[in-house]
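Scroll down for the structure; my scribbles are underneath it.
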Amino acid sequence: MNELCLKSIYKNYKTKQVLDNISMIFKPGVYSFLGANGSGKTTLMRIILNLIKPTKGAVYWNGQPIELLGESYRDAIGYVPQHVPFYPNMKVYDFLMYIGTLKGIANHALKEKVEYWLKQVNLYDDRYQKIKNLSGGMKQRVGIAQAMLNDPQLLILDEPTAGLDPKERIRFRSLIANLSVNRIILYTTHIASDLEGLTDYVCILNNGCLEQLDEPENVLKKLAKQVWEVDILPEELIYIEEQYKVGAIEKHGGRIRVRLYHHKKPLPQAVMKEPTLEDLYLYYFSEGQST
Amino acid sequence: MKQLIWWEWKLLWQQKLIYIMLVAILSLLWISKTYFNMSIEELNAFEEIQNPITEKDIQEAREILATKEFEIGPEVNVFYRIDEAQTLMDKQSTIINQLKARPQTSALEKEITMREQVNTMYIEKTEYPIFLSEFLGGEGLIAIGILLIVGLYNLFARDQQTGMIQYTLTSKFGRCKLVQAKLVVTLLYTMVIYIGTVIFSVIFNIYRTGSHVNYWMYIAEGFNSPIQFHSSLSMSPYTLTLFEFLLIQLLFLLLGSICFSIICLSISSVVKASFISFLFSMAIFFLPFLIVNLLNLLAERGWIAKLFIYTIPYIMQTKRLFEAFYYLQISNKVILAPFIALGLLLVIIISSIVFLKIYNKKWRYI
Ligand SMILES: Nc1ncnc2c1ncn2[C@@H]1O[C@H](COP(=O)(O)OP(=O)(O)OP(=O)(O)O)[C@@H](O)[C@H]1O
Ligand SMILES: [Mg+2]
C-alpha cells in the first residue's frame with residue numbers, strides 16, 4: 001500500500017511564511033484540503049509534487065524522499081493544476097496525446113487510454129475542439145483526463161470544482177468517487193459542499209497551519225453544540241456580528257435569521273442546530289469576532 | 001523519446017510567426033532583387049583568355065586601355081579585369097615590402113610567406129560565385145538569423161508562459177528528457193533552415209545572374225579564381241579559390257547557425273517570458289552588426305572593431321575573417337582568425353549543451 005508522508009514542511013517566500021510546520025501521512029483515500037484564499041493550499045500541493053522546494057522539511061513516498069526518486073515518483077503522480085494550462089491552439093485530443101507522450105506512454109497504448117478517458121470525462125464528442133474554445137468546466141475535465149492517463153497512485157487536484165456549475169460538480173464528484181479506489185487523492189477547495197459524501201478526511205488549512213485533520217464526522221462532532229440559530233431584528237445584526245462568529249444570514253419576513261457559532265447559548269431565544277460542512281468552513285474562515 | 005521529438009517538432013512548426021517572417025523575407029527579396037547584365041559578346045571575350053594570364057597579356061591590356069579609353073567595346077571589361085589582376089599583385093607586393101621593413105616577428109614572417117604565395121593571375125567571370133558568397137553572407141545570413149530566432153525563442157519560454165511546464169515537471173519524462181527532445185528538434189530545425197537557405201541562395205542567384213540570355217551557361221565558371229577578386233577580400237593574405245572560400249563559408253554558416261540556435265534555446269530555457277527571450281536572441285544576432293557600423297561611423301576602427309569579427313554573426317558571414325591577416329599569438333604559435341573562429345564555435349556549442357543539461361537538471365517551477 002502506498003504511503004505519502006510530509007515531515008515538518010515549512011515554506012517561506014522571502015519573509016512571508018506560507019506554510020508552518022506541516023506533518024501528515026496519507027494512505028489511499030480521498031483527502032480534501034479546505035482553506036481560504038491564500039492559506040497555502042496550492043503551495044502545499046506544489047511541494048508534494050516536487051514543483052517547488054520547501055524551505056525546511058521533506059516529502060517521502062513509500063519511505064523515500066521524493067527528490068531522490070525522480071522519474072519513478074513522477075510516474076506515480078497525476079496533477080490537475082488550479083488553472084488548467086494548455087497551448088491555446090491545441091485540440092483536446094492532441095493535448096491528451098502530447099501529455100501522454102510526456103508521461104512516457106507509447107503511442108499504441110496511449111491512443112486507447114486517451115479515448116477511454118475522453119469518454120470517462122464526457123468529452124469524446126468534443127475531442128477535435130480547440131481547448132481555448134471550451135467552457136471552464138470542460139477545460140477542468142480535460143485537466144482530469146490528462147492527469148489520469150498514467151493511472152496515477154497519487155492524484156492531486158487543485159481546486160478542481162472552481163468554476164463548475166452544480167450539475168458538473170455532481171458529475172465530478174461521482175467521477176472522483178469512482179477513481180478513489182486504491183489511490184491517494186488530494187484535492188483542495190474552498191467550497192464546503194464539495195466535501196459532502198465524498199471525502200474520507202478533511203484537512204483544514206488556515207494561514208499555513210494545519211488546524212484539523214480528521215474524518216468529516218469527527219470534525220463536525222467538534223462543532224457540535226456550538227452552532228446556533230437565532231431570529232433577530234435587523235438593527236440587532238451589528239451587535240451580533242461584533243459579539244459572535246456569524247455564519248449564514250437569511251431574511252425571514254421582517255426579521256433576520258442568523259447562524260452563529262459559540263460555545264454556549266448566546267441568546268435566550270437561540271436554538272441549537274446540527275453542524276453542517278458549511279458551518280465548518282464558516283467557523284474556521286469567517287472574519288467575525290472569535291471567542 | 002522518438003514520440004516526444006515528433007511532438008516537439010510538430011509544435012515548433014505550428015508557430016505562425018515562422019511563416020509570417022518567411023513570407024516577409026521572400027517578398028522583400030523579390031522587391032529588392034537586382035540583376036546582373038552582360039552581353040553575349042562580353043561573355044565570349046572572356047572565353048578567349050588563356051589562364052593563367054601572362055606579362056604579355058597585361059602589357060597588351062594596358063596599351064589597349066590607354067588608347068581606346070572611351071570606346072567601350074565588348075572586350076573592355078576583360079581588359080579591365082586583366083589590369084585588375086596586376087593591380088592586385090602589386091598590392092600584395094607593396095604590403096610585403098612594408099612588412100619586410102618592420103622588425104621581424106613570427107607572425108610577420110608567416111604573413112609574408114602567405115602573401116608571397118598569392119597569385120591573382122587567373123581570370124574568369126567571377127560574378128556568380130561572388131554574388132552567391134555575398135548573398136549567403138548578406139540576405140541569406142539575416143534570413144537564417146531571423147528564422148532561427150522566430151522558431152526557437154519560444155521553445156521553452158512558452159511552456160513557462162502558458163504554465164505547461166507544470167505538466168512537464170510532474171510527468172515521467174520530466175525536464176531532462178524534454179531538454180533532450182528540444183535540443184534534437186532545434187538541430188533538425190536549424191538544418192532545415194540552413195539547407196533551405198543554401199538551396200534557395202544557389203537557385204535565386206542563378207536566376208539573378210542568369211537573367212540575361214544564355215548567361216546561365218557560364219555559371220559553372222569563376223569558381224577557380226583567387227578570392228582576391230572578391231571586392232571585400234582584395235587584400236586578403238590567403239591563397240584560396242572562390243570555390244574553396246565558398247565551402248569554408250558554408251561550413252562557418254552551418255556551425256554558426258548551430259551555435260546560434262543552441263544559444264537561442266539556452267536563453268529560452270533560462271528566461272521566463274517569451275518576449276525577453278526574443279529580445280535577447282535578437283540582440284546576440286543583430287547587435288554586433290549595429291555596433292560595428294556605429295564604430296565605423298565614429299571612424300574608430302581599433303582593436304574593438306577587430307574583436308567583433310569573432311562574434312557569431314560575423315563568423316557566419318566569414319569574409320571578415322579572411323579580409324586581412326588577423327591572428328592571435330600564443331607563445332610562439334600564430335593562430336589565424338579562421339581557426340580561432342572555428343575553435344570558438346565548437347567551444348560555445350559544447351558549453352551551451354553542457355549548460356542546458358546541467359541547468360535544467362536542477363530546474364524548479366519557482
Ligand atoms: N511565487 C510566490 N512568491 C511570493 N509569494 C507567493 C508565491 N506563491 C504564493 N505566494 C503567497 O503564498 C500564499 C499562499 O498562496 P497559495 O497560492 O498557496 O494559496 P491558496 O491557498 O492556493 O489560495 P487560493 O485559494 O487563492 O488558490 C499567498 O499569500 C501568496 O501570496
Ligand atoms: Mg490555490
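The values are calculated or read from the model by the stated rules, or taken from the named source; none is laboratory data. Everything numeric here is computed off the predicted structure, so don't read it as measured data. We place every Cβ from the backbone using ideal geometry, glycine too, and count neighbours over all the protein chains shown. Note: areas computed on protein heavy atoms with side chains; ligands, DNA, RNA excluded. Shrake-Rupley method; radii C 1.70, N 1.55, O 1.52, S 1.80 Å.
So which residue, out of A:LYS14, A:LYS245, A:LYS130, gets the largest mean-square fluctuation from a GNM of chain A using Cα contacts under 10 Å as springs?
Comparing A:LYS14, A:LYS245, A:LYS130 in the GNM, the peak value goes to A:LYS14.
I'd like the distance between the alpha-carbon centres of the range B:157-178 and the range A:220-238, rounded to an integer number of Å.
One Cα centre to the other: 49 Å.
Separation of the range B:243-304 and the range A:175-200 by C-alpha centroid, Å?
Cα centres, the range B:243-304 to the range A:175-200: 54 Å.
In square angstrom, rounded to the nearest 10, how much accessible surface does A:LYS273 have for a 1.4 Å probe?
80
Take the alpha carbon atoms of the range B:1-59, find their center, do the same for the range A:20-69, and report the distance between the two centers in whole angstrom.
Cα centres, the range B:1-59 to the range A:20-69: 59 Å.
Roll a 1.4 Å probe over the protein heavy atoms and report the accessible area of B:PHE308 in Å², nearest 10.
About 40 Å², rounded to the nearest 10.
May I have the extent of the alpha carbons of the protein assembly as shown along their three principal axes, as whole Å values ordered from largest to smallest?
If we take the Cα atoms of the protein assembly as shown, the spans are 129, 56, 54 Å.
If Lys and Arg each add +1 and Asp and Glu each add -1, what is the summed charge of the other residues whose beta carbon sits under 15 Å from the beta carbon of A:LEU186?
My count for the surroundings of A:LEU186 gives -1.
Per-residue Cβ counts within 10 Å, from other chains only, averaged over A:48-58: what number is that?
Values: counts 0, 4, 5, 7, 4, 4, 0, 0, 0, 0, 0.
The shielding value for this peptide is 2.
Apply the a/c threshold of 1.5 to the C-alpha gyration tensor of the range B:57-212 and tell me whether it is rounded, prolate or oblate.
On the way: a/c = 4.93, a/b = 2.09, b/c = 2.36.
Oblate shape, in that a/c is at least 1.5 and b/c is the bigger or equal ratio.
Over 35 Å apart: what share of the alpha carbon pairs of chain A falls there, rounded to a whole percent?
Distances greater than 35 Å cover 27 percent of the Cα pairs.
In square angstrom, rounded to the nearest 10, how much accessible surface does A:VAL30 have for a 1.4 Å probe?
Surface open to solvent at A:VAL30 totals about 0 Å².
Which of B:ILE312, B:ILE146, B:ILE330 moves most in a GNM of chain B, Cα contacts under 10 Å?
It is B:ILE330.
Nearest 5 percent is fine: what portion of the DSSP beta bridges confined to the protein assembly as shown is antiparallel?
65
Between A:VAL18 and residues 5 or more places away or on another chain, which pairs have amide H atoms under 5 Å apart, with H built 1.01 Å from N, and which residues are they?
A:LYS11, A:ASN12, A:TYR13
Under 16 Å between alpha carbons, and skipping anything fewer than 8 positions from A:LYS139 in its own chain: which aspartates and glutamates qualify?
Straight-distance partners of A:LYS139: A:ASP94, A:ASP125, A:ASP126, A:ASP158, A:GLU159, A:ASP165, A:GLU168.
From the phi of every residue in the range A:30-41, what ³J(HN,Hα) in whole Hz does the Karplus formula 6.51 cos²θ - 1.76 cosθ + 1.60 yield, where θ is phi - 60° and glycine or proline is x?
Computed from phi, the couplings for the range A:30-41 are 9, 10, 10, 9, 10, x, 6, 4, x, 7, x, 4 Hz.
Please report the net charge: other residues with Cβ closer than 15 Å to the Cβ of A:ILE144, K and R +1, D and E -1.
Around A:ILE144, the charge tally is +4.
From the helices alone, meaning DSSP H stretches of at least four residues, give me the mean residue ellipticity at 222 nm for chain B, per-run term -39500 (n - 2.57), in deg cm²/dmol to the nearest 500. Don't skip to the answer; put the middle values down first.
On the way: 17 runs with 254 residues, N = 366.
Mean residue ellipticity, 222 nm, calculated: -22500 deg cm²/dmol.
Along the charge dipole of the protein assembly as shown, which of B:ILE64, B:SER352, B:PHE135 sits closest to the positive end, that is, farthest toward it, with unit charges on the beta carbon of Lys, Arg, Asp and Glu (+1, +1, -1, -1)?
B:SER352
Calculated FRET efficiency, B:LEU251 and B:LEU187, Cβ-Cβ r, R0 22 Å, to nearest 0.05?
Taking R0 as 22 Å, the efficiency between B:LEU251 and B:LEU187 is 0.85.
Residue by residue through the range B:18-31, which ³J(HN,Hα) values in whole Hz follow from phi under the Karplus form 6.51 cos²θ - 1.76 cosθ + 1.60 (θ = phi - 60°), with glycine and proline marked x?
Working through the residues one at a time gives 4, 6, 4, 5, 4, 5, 4, 4, 4, 6, 4, 4, 5, 5 Hz.
Using θ = phi - 60° and the Karplus form 6.51 cos²θ - 1.76 cosθ + 1.60, what ³J(HN,Hα) does each residue of the range B:85-90 get, whole Hz, x for Gly and Pro?
After applying 6.51 cos²θ - 1.76 cosθ + 1.60, I find 4, 5, 4, 4, 4, 4 Hz.
Pulled fully out, how much extra length does the chain show between B:ASN97 and B:GLN50, if you take 0.36 nm times their separation in residues and subtract their Cα-Cα distance?
That pair, B:ASN97 and B:GLN50, stretches by 13.9 nm at full extension.
Using per-residue counts of other Cβ atoms within 10 Å, averaged over each peptide, order B:81-88, A:150-157 from highest down.
Values: B:81-88: 18.6, A:150-157: 21.1.
In descending order of packing, they fall as A:150-157, B:81-88.
What is the local net charge at B:ILE53, summed over the other residues whose Cβ is closer than 13 Å to its Cβ (Lys, Arg +1; Asp, Glu -1)? List each step's numbers first, then the result.
Working: positive: B:LYS56, B:ARG62, B:ARG81; negative: B:GLU48, B:GLU55, B:ASP57, B:GLU60, B:ASP83, B:GLU84, B:GLU124.
Net of charged neighbours comes to -4.
What is the mean number of Cβ atoms from other protein chains located within 10 Å of the Cβ atom of each residue in peptide B:175-185, rounded to a whole number?
So the per-residue partner count for this stretch is 1.
State the dimensionless ratio Rg/Rh of the range A:1-156 (Rg: radius of gyration of Cα atoms; Rh: Kirkwood radius).
Details: Rg = 16.9 Å, Rh = 16.9 Å.
Reported Rg/Rh, Kirkwood definition of Rh: 1.00.
GNM on chain A, C-alpha springs below 10 Å: top fluctuator among A:TYR93, A:TYR128, A:TYR60?
A:TYR128
Taking every pair of alpha-carbon atoms in chain B, give the share separated by more than 30 Å as a whole percent.
Value for chain B (Cα pairs over 30 Å): 49 percent.
Protein chains only, probe 1.4 Å: how do B:GLU134, A:GLU159 rank by accessible area, largest first?
Reading off the accessible areas and sorting them downward yields B:GLU134, A:GLU159.
So what is the relative contact order for chain A, in percent, with contacts set as C-alpha pairs under 8 Å and at least six apart?
The value is 21 percent.
With each label point set 7 Å from Cα along the Cα-Cβ vector, what nm distance links B:LEU290 and B:ILE304?
For the pair B:LEU290/B:ILE304, the computed spacing is 1.5 nm.
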